[in-house]
Amino acid sequence: MTIDAANEELYRVAAKRLNDKISEYTRIPKFDAQDRVAMAALLYSIIALSTEQNSALGDSDIEELEAIESRIRRYIK
């Protein structure tokens, strides 16, 4: 895997967080290494999806932005 130098720190922090989360799951009896990795992957997938959904604009947001754009256009003319 080749990592762009500009993103190297991001990858290091992400790897550390993932390893820390996997280590937390060692406290759960009967979880093997595969279970720990799967649980950490699921957790971060849920966080990513939640972030995507929360950052998406809704219909009311778009309508409000269009109204603002219209007011700006009228003001500029």
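The values are calculated or read from the model by the stated rules, or taken from the named source; none is laboratory data. In this text, all values refer to a predicted model and were calculated from it rather than measured experimentally. Every residue, glycine as well, gets a Cβ built from its backbone with ideal geometry; the counts of neighbours run over all protein chains shown. Surface accessibility is based on the protein's heavy atoms, side chains included, excluding ligands, DNA and RNA. Shrake-Rupley method; radii C 1.70, N 1.55, O 1.52, S 1.80 Å.
Numbers for the structure displayed
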{"read-out": "Degrees separating the helix 59-76 axis from the principal Cα axis of the chain, which is the longest one", "value": "40"}
{"read-out": "Between 0 and 90°, nearest 10: helix 33-55 axis offset from the chain longest Cα axis", "value": "10"}
{"read-out": "Filtered chymotrypsin sites (Phe, Trp or Tyr not before Pro), the chain: DSSP coil and at most 15 other beta carbons within 10 Å", "value": "PHE31"}
{"read-out": "Most fluctuating residue given options LEU65, LEU49, LEU57, as computed from a GNM of the chain linking Cα atoms under 10 Å", "value": "LEU65"}
{"read-out": "ASP59 accessible area, 1.4 Å probe, all protein chains in place, Å² to nearest 10", "value": "120"}
{"read-out": "Gain on full stretching of the segment that runs from THR51 to MET39 - 0.36 nm per residue minus C-alpha separation", "value": "2.5 nm"}
{"read-out": "Heavy atoms of ASP4 accessible to a 1.4 Å probe, total area in Å² rounded to 10", "value": "90"}
{"read-out": "Correct option for Rg and Dmax of the Cα atoms in Å [calculated from the coordinates] among (i) 21.3, 69; (ii) 12.2, 40; (iii) 19.3, 50", "value": "(i)"}
{"read-out": "Angle between the chain longest axis and helix 8-24 axis [Cα atoms, degrees, rounded to 10]", "value": "50"}
{"read-out": "Theoretical gain in end-to-end length, GLU63 to GLU8 [0.36 nm per residue, Cα-Cα removed]", "value": "15.9 nm"}
{"read-out": "Value at 222 nm in deg cm²/dmol, rounded to 500, when DSSP H runs of n ≥ 4 in the chain each add -39,500 (n - 2.57)", "value": "-26000 deg cm²/dmol"}
